[in-house]
Amino acid sequence: MHLDVQVLRDFYYRNALGRAAQKIIRNQVLEFWPEAKGQTVAGYGFAVPLLRPYLKDARRVIGLMPGPQGVMPWPAGMPNVSVLCEEARWPLETGRVDRLVLMHGLETSETPTDVLDEAYRVLGPGGEALFVVPNRTGVWARAERTPFGYGRPYTLGQLEAQLKAHDFVPEAHLSVLYQPPSTRRFWMKTGAFWEKTGRAIPAVMAGGVMMVIASKRNPPRRKGLGQAARVLNPLDVLGPSKEPKTAYGTDWRSGL
């Protein structure tokens, strides 16, 4: 079950622990992808806190928020780039995304298979997807005061097996968030120490969040995977149409 968008917003933007988690995860995203100049970057679920560094130089940044979660305008004080969408039908053309981030979208979905199929469809040749999910063996997955305490946590083996079954090829993985999910002064002040120590000895400490980068297998082993979904354009109800059009047409992005 998806959390409400207001709950996610309050955690990442109005809560000290959430802001600390956002910084740690976003810094690691930048380690994976230092820049995205001229590229299309998309996030699904509630990934927008991780996308801000790419607003300046990316060709396009899009925040996809699932209907059960709800949507909010983002980024604050700038033209909106967030959009409400169905889990199994994203308003993106096939193969147009260079960098895709999924956070609070896969583990909370009732239909993760559809989410992975859509992620595969929109990712372009040479593109990469980053999956940010709660670690089943970490304490954050058991802390309901954070968004990572909801949904279906994963072990690394479970996530990689699911990705491979949907024609993704895992390329790299990393665990983050080693500090306890507590706002107590001691844990907040020593957060950097626990993060450094945990990454140095991951066999002893379990990070709260797993990050897995994957590329798409091309061609896919499953027939029909990655083909563009074809639905009627909403404007077609105003008049006759000779043939169905791809959802949102070719110029839908001009409004973001």
**Item:** Lone unmet requirement of (1) more than 23 Å from Gly67 (Cα to Cα); (2) touching a residue at least 24 places away in the same chain (Cβ under 8 Å); (3) in a helix (DSSP H, G or I); (4) of a type in the set (A, V, I, L, M) for Ala161
**Value:** (2)
**Item:** Members of the range 108-148 found to be charged (D, E, K, R) and more than 30 Å from Asp57 (Cα to Cα), listed by number
**Value:** Glu110, Asp114, Arg136, Arg142, Glu144, Arg145
**Request:** Kindly provide the set of residues from the range 1-24 that are under 19 Å from Val176 (Cβ atoms), crowded, with 22+ Cβ neighbours inside 10 Å and under 14 Å from the mean Cα position of the chain (by Cα), ordered by number.
**Result:** Leu8
**Request:** Quick one: count up the residues across the range 1-12 that are in a helix (DSSP H, G or I) and either free of Cβ contacts under 8 Å to residues at least 12 places away in the same chain or not aromatic (Phe, Trp, Tyr) (or both).
**Result:** 6
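What number of residues within the range 86-106 are within 19 Å of Val71 (Cβ to Cβ) and touching a residue at least 40 places away in the same chain (Cβ under 8 Å)?
Residues in the range 86-106 being within 19 Å of Val71 (Cβ to Cβ) and touching a residue at least 40 places away in the same chain (Cβ under 8 Å): 12 in total.
Which of the following residues is in contact with a Ser or Thr (Cβ under 7 Å, 6 or more places away or on another chain) and buried (at least 19 other Cβ atoms within 10 Å of the Cβ): Gly105, Gly138, Gly63?
Just a single option satisfies the conditions, and that option is Gly63.
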**Request:** Using the structure shown, decide if Gly63 is without any contact (Cβ under 8 Å) to a residue 24 or more places away in the chain and within 15 Å of Leu8 (Cα to Cα).
**Result:** yes
**Request:** Determine which single condition Val41 fails, assuming it passes every other condition in (1) touching a residue at least 60 places away in the same chain (Cβ under 8 Å); (2) under 29 Å from Gly191 (Cα atoms).
**Result:** (2)
**Prompt:** If you go through the range 239-252 one residue at a time, do you hit one that is acidic (Asp, Glu), modelled with pLDDT of 55 or more, more than 30 Å from Arg59 (Cα to Cα) and out of contact with any helix residue (DSSP H, G or I) (no Cβ under 6 Å at 6 or more places or on another chain)?
**Reply:** no
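The values are calculated or read from the model by the stated rules, or taken from the named source; none is laboratory data. The shown structure was predicted, so the numbers you read here are calculated from the model rather than taken from an experiment. Positions of Cβ are backbone-derived with ideal geometry, glycine not excepted, and every protein chain shown enters the neighbour counts.
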